Amino acid sequence: MTRDYTIKPMITADRIAARVEALAAEINAYFAGTEKLVVVGLLRGSYVFIADLARKLELPVEVDFIEASSYGSGTESSREVRILKDLRSPIEGLDVLVVEDIVDTGHTLKHVLKLLASRKPNRLEVCALLSKPSRREVEIRARWIGFEIPDEFVVGYGIDYAQRNRNLPYIGAVEFSD
Ligand code: PRP
């Protein structure tokens, strides 16, 4: 059961596109000369962001995915992080960019970064589209953040509420009716 809600626009598709372009320019410069950059998307929320970001990268890119789950179908983050799907390929000695849609408490990313770091990549960096600093429970080292947002429940551009609204082209804040 989901509650009744409306969606208030927060970040337009145009603003997202401009920010993605700027982030890609920084990432291109940072990883310039790399032999291979493995761009790792965290399913499912990052699928829109990684599609747009990866197409702006002018580097030898491989794309892989990992799926972790922490939210279930409600709005409360649980502390338990489970890996539901692992990478297809080894990353030892390679440059890796983890692409995340939103960093909330930080538990998901911390868990995933610890796992990936244990595989001894060359460089391991994070690009997150959204961050809610006021919600952070564990410290996260993300070199690139698209937008810092207040503690509102957001949807769109890959992010869901109870699996809905991932396909919205913009980011909106959920306003519950009750
Ligand atoms: C969401 C989001 C992040 C994570 C952030 O994923 O996509 O991965 O939660 O929360 P945290 O910083 O508090 O750990 P979710 O588990 O909802 O899966 P999804 O990407 O499939 O929507």
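Rule-based calculations on the coordinates, nothing more; no lab input. Keep in mind the model is a prediction, meaning the values are calculated, not measured. So basically every Cβ, Gly included, is an ideal-geometry build from the backbone, and we count neighbours across all protein chains shown.
For the reader, a short list of remarks on this structure follows.
- Here is the list for region 94-178: trypsin sites (Lys or Arg not before Pro) lying in DSSP coil, each with at most 12 other C-beta atoms within 10 angstrom of its C-beta, are 141.
- C-alpha long axis of helix 13-30 to longest principal axis of the chain, angle in °: 20 degrees
- Pairwise FRET efficiency - residue 25 versus residue 134, Cβ, R0 = 22 Å, nearest 0.05: 0.20
- Principal semi-axes of the equivalent ellipsoid, √(5λ) from the alpha carbon gyration tensor of region 88-157, are 24, 12, 10 Å from largest down.
- Divide the volume of the convex hull around the Cα atoms of region 13-149 by the residue count and you get 103 Å³ per residue.
- For the listed peptides 89-102, 20-33, a ranking on the average number of other beta carbons within 10 Å per residue, highest first, reads 89-102, 20-33.
- Calculated mean residue ellipticity at 222 nm for the chain: -6500 deg cm²/dmol, from DSSP H runs with n ≥ 4 weighted as -39500 (n - 2.57), summed, divided by the residue count and rounded to 500.
- Calculated FRET value between residue 18 and residue 87, using beta carbons and R₀ = 25 Å, to 0.05: 0.25
- The calculated FRET efficiency for residue 67 paired with residue 178, based on their beta-carbon distance and R0 = 45 Å, is about 0.90.
- In degrees, nearest ten, helix 107-117 long axis to first principal axis of the chain (Cα): 10 degrees
- Centroid-to-centroid, using Cα positions, region 41-63 and region 108-178 are 14 Å apart.
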